[in-house]
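For reference, the structure is listed below as structure tokens.
Values quoted throughout were computed directly from the atomic coordinates according to the rules given, and no laboratory measurement underlies them. This is a predicted model, so every value here is computed, not measured. Cβ sites come from the backbone with ideal geometry, for glycine too, and all protein chains shown count toward neighbours.
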Amino acid sequence: MNNKVSRIMIISAINKGLYAPKSDLKRNIRNLTDLGVYFAKGRFQKDFFKLAQRILSNENSIYYELISNVFDNVDQNIIKTFGVNIGLNSWTYGVNKIREYEKKNNHRVPWTIEFDFQNTAENPMTASEITKVIEEGKEIGIYTYFFFTRYKTSNLDPFLQIFRENPECAFIIHAHAESINKIHAQRLREYGNAVISIYVDDSNPSPQLTKAMKMLLENKCLFGASIVYDDDNINFIVNHKWIEEIKKLNCIFALLIKSEKCSLESEKAVNVYVKNAKTNQIYPLFLIDFYEDISYISQIISDKSCFLKIFHDGTVVSTEYDMISDFNIKYENLSIILSQIMPKASCL
């Protein structure tokens, strides 16, 4: 069955679930999960949906509260578009393309690319240069992209056009509350293929944060909260204080991002905290350990973790922090760079 037919069938099933009576929510969600198992081809997809089946077999699972929140507060176009783009295009169709590419070229390929535009650059990447990377990525099988942005509202504007021009991709934007306006929220709802995560790093939400969250909620966007963790705020996180604040903001997911200065001890503490929260179903939202979960998925797809970050000036990094390459994506094709900096494959 080709990707187009699979997409049509999945969207049809999602539509049925979205328009079903609220009283049938649990049954419809289980049916959608069963459908996911049916379409799953690789080990990652099968394991994911089988785990979901086990979790949702518990009628009292807290994740039903999360799912109900999604169905009540997120636009149907976003649920369908973003869900299919990451679940089918990235983790099924894209995975198959990546594995074929790896076998042919004898090196690993990251399943996602991070654009880290938090710092200024004298010669920053243009929207057309970013689009070129994404177009090359799709050819290889990369359909998920993360963007880290700065404070100014205008910094989000170029990305909206990129999202619109790549409807088959899934985009996750990390932004500050001050960067978001009503036009952004309306466009996110219209395009359906991008979600936003807002930095929330203390226990006293600012007026700008409250306003931004309310605006996203009113526009039925899919949004979450992010925190950069290190040794200074580790206790604030693992003692459940941060997540208790996040729960009040109607977030769908919470994302924890390891700081460059974070110690190994604090990193492990967060890893354990997130795994425990997921296993024991403590919170009615998706809890994500950013670098750990990216690595986990990468290892399943490519047998070895591989990571790619691109800075605002086009500089390429192949691990989380210290492996800055000699390549610049502004002047070289993505495929050439990957062939030089990604782990080689002795046996795929």
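Computed quantities for the displayed model
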item: Projected label distance in nm at Lys104 and Asp116, using a 7 Å step from Cα toward the beta-carbon; result: 3.1 nm
item: Residues Val74, Val109 arranged by fewest to most Cβ contacts within 10 Å; result: Val74, Val109
item: Per-pair calculated FRET efficiency, R0 = 25 Å: Lys268 and Lys304 via Cβ, rounded to 0.05; result: 0.75
item: Under 5 Å, built H, 5+ apart or other chain: amide partners of Lys258; result: Tyr229, Phe290, Tyr291
item: Low-density loop positions, trypsin sites (Lys or Arg not before Pro), region 71-174 - DSSP coil, at most 12 other Cβ in 10 Å; result: Lys152
item: Within region 226-261, backbone nitrogen closer than 17 Å to the virtual label 7 Å beyond the Cα of Thr210 toward Cβ; result: 245-251
item: Radius of gyration and Dmax over the Cα atoms of region 106-341, both given in Å; result: 17.5, 51
item: Amide proton proximity set for His174, modelled H, under 5 Å, gap of 5+; result: Phe147, Phe148, Thr149, Ser197
item: Percent antiparallel among DSSP beta bridges (both partners in region 106-341, rounded to 5); result: 10 percent
item: Proximal charge balance of Lys214 [Cβ under 15 Å; K/R count +1, D/E count -1]; result: +3
item: Additional length obtainable on full extension of the chain from Lys26 to Asn73, 0.36 nm per residue less Cα span; result: 15.2 nm
item: Spin-label model distance (nm) - Ser259 vs Thr126, 7 Å beyond Cα toward Cβ; result: 3.7 nm
item: Region 237-332: GluC sites (Glu not before Pro) in DSSP coil with no more than 11 other Cβ atoms inside 10 Å; result: Glu260
